[in-house]
2 protein chains.
Amino acid sequence: MDGKPGLRERKKRQTHAAISDAAITLFLEHGFNQVSVAQVAEAAEVSKRTLFAYFPTKEDLVVHRLADHETEIARVVRARPPRTAPLTAVREHFLEGLRERDPITGLNDHPQVLRLTRMILDAPSLVARMERFKAGAERALARALRETADTPELTARLAAVQIVAVHWALAQDNADRLAHGEPADTRYAGAVADTEHAFALLENGLRQLAAQR
Amino acid sequence: MDGKPGLRERKKRQTHAAISDAAITLFLEHGFNQVSVAQVAEAAEVSKRTLFAYFPTKEDLVVHRLADHETEIARVVRARPPRTAPLTAVREHFLEGLRERDPITGLNDHPQVLRLTRMILDAPSLVARMERFKAGAERALARALRETADTPELTARLAAVQIVAVHWALAQDNADRLAHGEPADTRYAGAVADTEHAFALLENGLRQLAAQR
DNA sequence: GGCAAAGGTATACCAGGTGCAGAAATATCC
DNA sequence: GGATATTTCTGCACCTGGTATACCTTTGCC
C-alpha cells in the first residue's frame, strides 16, 4: 500500500521518534515536571513550535505510546470467539497479559517499566491524562458491547464502566505492589487469584457484600 | 463552638465568597476558558496572588463547591441502617436524590444548573478535575466498605470502583438528556427505572450479558 | 497605644501553549 | 533540470496559569 513512503513522510516519522525519544529519556532521568518542553525540543534539535506540531501537549509526549491500549479491551470483545461471553474474553485476555507480563496489567518489573510507572504516578497531570484514557476505553467498550452482543444502550454503558474500572483497579494493584519491591514472579500467583476473584465478582454481582451493621 | 468568629475570620470567609461568586458569574457568562484568573481577581477586587491563596488552581474556583459530594457515597454507606446492604443504601440514596432533583443525580433542570453543567463539560480541564473527584470518591467508599462491612481489601476496592462508576454513569446519562432539552419531570420515571436496572445489574452481575457471536 | 503575626499587594518571573510572518525543505509541473 | 506551489520548520512575540520575593496593611492582643 505504501512501497514509497516518500521523503517527507519518512522525515516526519523520524522527527516524531526523535522528539518522543528525547522526551522519554529526559523525563525518566529527571522527572516529568523537572524537564521543560523547551529542553525536550532542544535535545531533539527541533524548535518548541515544531514539538507542539507533533504533540499537542506535554503529556502527549508520554501518553501517545499507550494510545493503542485505549481501545484494547473493546478490540478483545469484538474479536472474541463465537458464543463466548464478553466478560470471559476480557478475563482470558487479562490473564494472558499477566502470563506475558504485559505492562498494561501492572505486572512487569523491568526497571524501565517501573521507572516509567513511578514517573507517571508522580506527575498529577499525567495521572489526569490516564483518567481520560479510561473514559475513552469505556466508550469504545460500550460500543463494542452494543454492536457485538446486542446489549441495550444503557446496559452496555454500565457494563463497560464496570469492566474498565475493575480492569484498572487490578492493574493498579499489581503496579502498586511491584512499586513497593515485590518481584513480578512472586506476585504472579496472587495476581491470577485476584483476577479470578474480581471477574467472579463482576459476573455474580455484589450481592454477596455483607449487610452487617 | 464559635459565637465569635473574629473579624479576621469573617473577612476571610467574605473574601472567599467574593472570589468564588465573581468566578462563577464570569464563567457562566463567558465560559471557563474565556475568562482569565486575572479577570476574576479584578472582579473580586483582589490581587491575583490573593486569589491563589484561597484557591490553589483555577479549576478549584468551580469545583470547591462540590467538595462535599466527594465523600457523600461513603457517608451514606457508613450511616446506613443496621443490617442493610451497602448497595441498598446507595441505591435508596440515589433514588431520593432523583426525587429531590439533587443536581448530583443529573436530574435538575434549573437553568443555572444546566448552564453550569454545560460549562464544566465544555472545559476539558474541569472534566479532568471531576475525574480526580471520582477517584477520591472511590477511595472513600472503599474505606467505608472495609470499616463497616468487614469487606476484604481487594473486594472493597473492586466494589467501590464499580459502584462509583455506575453512580456517575447514571448521573451523566440524566445530565446528558436534560442538556438535550428533556425536562426533569419528564425524565424522572425513566431515571428511576434506569437506576433500578443499574443497581440490579450491580447486585446480580453481568452474567446475563449475552454471549452471542 | 504598640507590637507581632497574619494576610494582602506589586512586581517580576517561569512554563505551557498559540499566532504569525517568513525561511527552508519537499513535491510537482513543465 | 529548473521554476513554482505546498508543506513544514523556525524565531519571535504574546497570552495565561501559577509561584517567589519583598514590602506594606490589617488584625489580635497585651
### Query
Label points 7 Å out from Cα along the Cβ direction at B:ASN33 and A:LEU7: separation in nm?
3.8
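Filter the GluC sites (Glu not before Pro) in the stretch B:82-176 down to the DSSP loop ones having no more than 12 other Cβ atoms within 10 Å, then list what survives. Numbers along the way, then the final one.
Details: sites: B:GLU92, B:GLU96, B:GLU100, B:GLU131, B:GLU138, B:GLU147, B:GLU153; in loops: B:GLU100.
Here the sparse-neighbourhood loop sites are B:GLU100.
Run the dipole for the stretch A:13-94 about the Cα centre, Lys and Arg Cβ at +1, Asp and Glu Cβ at -1, nothing else charged, and hand back the magnitude in debye, nearest 20.
On the way: 10 positive and 10 negative charges, 99 e Å.
About 480 debye.
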### Query
What's the center-to-center distance, using Cα atoms, between the stretch A:134-213 and the stretch B:13-39 in Å?
39
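Over all residues in B:80-88, what is the mean tally of Cβ atoms on other chains that come within 10 Å of each residue's Cβ? Kindly include the intermediate steps, with their values, before the conclusion.
Details: counts 2, 1, 3, 4, 3, 7, 6, 5, 2.
The shielding value for this peptide is 4.
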### Task
Answer with one residue from A:LEU178, B:ALA74, A:LEU66: the one whose Cα lies farthest towards the positive end of the charge dipole of the protein assembly as shown, charges on Cβ with Lys, Arg +1 and Asp, Glu -1.
A:LEU66
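To the nearest whole number, what is the average tally of beta carbon atoms from other chains within 10 Å of the beta carbons of peptide A:194-207?
On the way: counts 3, 0, 0, 4, 6, 3, 1, 6, 7, 6, 5, 12, 15, 6.
That works out to 5 on average.
Between B:ALA179 and B:HIS110, what length comes free when the chain is fully extended (0.36 nm per residue of separation minus the Cα-Cα distance, one decimal in nm)? Before the final figure, lay out each step's value.
Details: separation 69, 0.36 × 69 = 24.84 nm, distance 1.08 nm.
Length difference between fully extended and current span is 23.8 nm.
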### Message
Modelling each spin label as a point 7 Å along the Cα-to-Cβ direction, I'd like the B:LEU66/A:THR88 distance in nm, to one decimal.
### Response
3.9
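What average count of beta carbons from other chains do you get within 10 Å of the Cβ of residues in B:49-60? Intermediate values should be presented prior to the final figure.
Values: counts 0, 0, 0, 0, 0, 0, 0, 0, 0, 0, 0, 0.
Other-chain Cβ atoms within 10 Å of each residue's Cβ, averaged: 0.
Since every read-out is calculated from the coordinates, none of them should be taken as a lab result. Being a predicted model, the structure only gives us computed values, none of them experimental. As a convention, Cβ positions derive from the backbone with ideal geometry for all residues, glycine included, and neighbour counts pool all protein chains shown.
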